[in-house]
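See below for the structure under consideration.
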Amino acid sequence: MKAFLYELFLQFRLDIRSKALLLTCYVVPLFFFALMGGIFTAVDPGARLTLIPSMSVFIVSMGALIGLPPQLSEVYGGEVKKMYRAGGIPLYSGAITRFLSAFLHLSIVCLIVCAVAPAAFGAALPENLPRYFGVLALFLAASLAVGCVFGVFCKSPSKLAMYAQLVFLPSIMLSGIMFPASMLPDFLQYAGLLFPAAVAFRAMTDFRAWHVLALACVFLACGGLTFFRLKKFSGE
């Protein structure tokens, strides 16, 4: 356990120094928050009620789908995997530490938004904070699990970027954070529910029990796919 915690601590520090992760988990999300927070609230004063959930959905989607997969692809698609084997380190250790490190980094950014948005843009805090943060944690886990699937299955950086964008862009456009999902045709509203971002945004703004079940199913399904892929790597 001590070795694992040390590896997690080391990974957390390495991620802070990573320019790619710094951009996808901190710089771009916080810049988007600073820019779009003012625009949303100026165009529609009612956006103050959903600004914090909207920004949180963007932050998590950006970090989990764009930031995490390249890290895992680098580990399991290159020479790092051989170093794990040579050192007798379980292959799943790399995925778990990067998953947890990304979880911590994105949680920090979401907390920054939650703390700053009321003062900066007059945003309303979620009515039920424990439930909000519970949904956010589950959304983080589900989104990072999706990112893990991309990272362990795709070895080509160019294909990985394309696949990640194919999920990231619909996640943002169909989730309801840019404009109300009710403005979309019915089939696009239903299509949006295939993405964790749309389900999470609905859970944060109009909670229903099935939202939690849907996010949990995504996490378990993608976690299972990642586990079996890593198990296959171990047998190669």
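Just so it is clear, none of the values below were taken in a lab; they were calculated from the coordinates. Only a predicted model underlies this, so the values are computations on that prediction, with no experimental measurement involved. With ideal geometry, Cβ positions are generated from the backbone for all residues, glycine too; neighbour counts draw on all protein chains shown.
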_Subset tally (residues that are part of a helix (DSSP H, G or I), touching a residue at least 40 places away in the same chain (Cβ under 8 Å) and more than 15 Å from Ser61 (Cβ to Cβ)) for region 180-218_ = 4
*Has region 208-229 got at least one residue that is among the charged types (D, E, K, R) and under 23 Å from Thr97 (Cβ atoms)?*
yes
*Among what's in region 39-66 and is surrounded by fewer than 24 Cβ atoms within 10 Å (Cβ to Cβ) and small (Gly, Ala, Ser), pick the residue that is nearest to Pro196 (Cα to Cα).*
Ala47
